[in-house]
Amino acid sequence: MKAIAIDDEPIALEIIKAHAAKVPFLELKAEFTDAFKALEYLQKENVDLLFLDIKMPDISGIDFFNSLSRKPLVIFTTAYSEHAVTSFELDAVDYLLKPFSLPRFIKSCNKAFELFNFRNGVAATDHLYVKTGYEQQKIFYADILYLEATGNYVTFVLNDKNILSRSTIAEVATLLPSDKFIRVHRSYLVSVSKIEKVEKHQVTINKLKIPVSEAYSQNLNSVFRK
């Protein structure tokens, strides 16, 4: 995964460079204290990930990122916490608050690598990442009981908790393996392995009744037809 770092403080760039050298799947191609020189570089070179400072003298990291027509993944780095909400509204992978440790840096890189693989069609075999509030949260398929949609939000009902994500159920369905999850209703998508009982107009999962609509009953029949 190719990356560059942009920060007006040379010491901050040295820290990123040292940390990046310890991440085997990350190749830090260049570092810039001048955001406009970084912009020239990005016009010529393809980059998968930006480490981008927010407070810079000539242009903010947020304005810089918004100016890009081709947007790589981005991890914002800053000493100020007040921009966290804005950065995640831009679908930032993460927000590193200076000074950050090597373990925290590696955690961000791992998250970026997962999303990089997803963008490039390398599907995870046991989990997905969903946006929850201002974070990308990892959810294992095995923990999902069912999903319930409410408008533009989807609730992932897990074994031990619920996770709310701003997304449509149709969008989420494209991220889940079709052999493990099926749509049974315009508002419900269920884990096949968690179904305890199948009836004409409902299924039971963890003692809860999930409605099955006529429009999606064929999905259920195709799985349980003998």
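The values are calculated or read from the model by the stated rules, or taken from the named source; none is laboratory data. Only a predicted model underlies this, so the values are computations on that prediction, with no experimental measurement involved. Neighbour counts run over all protein chains shown; Cβ positions are idealised from the backbone, glycine included.
The table below lists the values:
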item: Pair list, Cβ < 9 Å and 6+ apart or interchain, from segment 118-144 residues that are on the phi < 0 side of the Ramachandran plot and assigned to a loop (DSSP other than H, G, I, E, B) to residues that are modelled with pLDDT of 80 or more and among the aliphatic types (A, V, I, L, M); result: D126/A142; Y134/A92
item: Counted residues, segment 1-16 - those being loosely packed, with under 14 Cβ neighbours inside 10 Å and either in contact with a Leu (Cβ under 8 Å, 6 or more places away or on another chain) or of a type in the set (S, T, N, Q) (or both); result: 0
item: Members of segment 159-172 that are buried (at least 16 other Cβ atoms within 10 Å of the Cβ) and either of a type outside the set (S, T, Y) or modelled with pLDDT of 90 or more (or both); result: I163, I169, V172
item: Which listed residue is in contact with a Leu (Cβ under 8 Å, 6 or more places away or on another chain) and either closer than 23 Å to Q218 by Cα or of a type in the set (D, E, K, R) (or both), from L115, L145, L158, L128; result: L145
item: Selection status of T86, among the polar types (S, T, N, Q) and at pLDDT 90 or above; result: no
item: Test: residue in segment 32-52 that is of a type in the set (A, V, I, L, M, F, W, C), part of a loop (DSSP other than H, G, I, E, B), assigned by TED's automatic domain parsing to the domain that holds P72 and crowded, with 21+ Cβ neighbours inside 10 Å; result: no
item: Test: residue in segment 175-194 that is touching a residue at least 24 places away in the same chain (Cβ under 8 Å), among the aliphatic types (A, V, I, L, M) and under 30 Å from L26 (Cα atoms); result: yes
item: Odd one out for D143, checked against (1) under 17 Å from A215 (Cβ atoms); (2) surrounded by 13 or more Cβ atoms within 10 Å (Cβ to Cβ); (3) under 21 Å from the mean Cα position of the chain (by Cα); result: (1)
item: Single unsatisfied condition, P99 versus (1) surrounded by 15 or more Cβ atoms within 10 Å (Cβ to Cβ); (2) assigned by TED's automatic domain parsing to the domain that holds V74; result: (1)
item: Selection within segment 193-207 - surrounded by fewer than 13 Cβ atoms within 10 Å (Cβ to Cβ), over 29 Å from the mean Cα position of the chain (by Cα) and closer than 26 Å to D126 by Cα; result: E196, K197, K207
item: Search result, residues across segment 9-63 that are over 27 Å from N117 (Cβ atoms), in contact with a Phe, Trp or Tyr (Cβ under 9 Å, 6 or more places away or on another chain) and of a type in the set (D, E, K, R); result: K55, D58
item: Selection count, segment 183-215, where residues are more than 23 Å from A142 (Cβ to Cβ) and part of a helix (DSSP H, G or I); result: 2
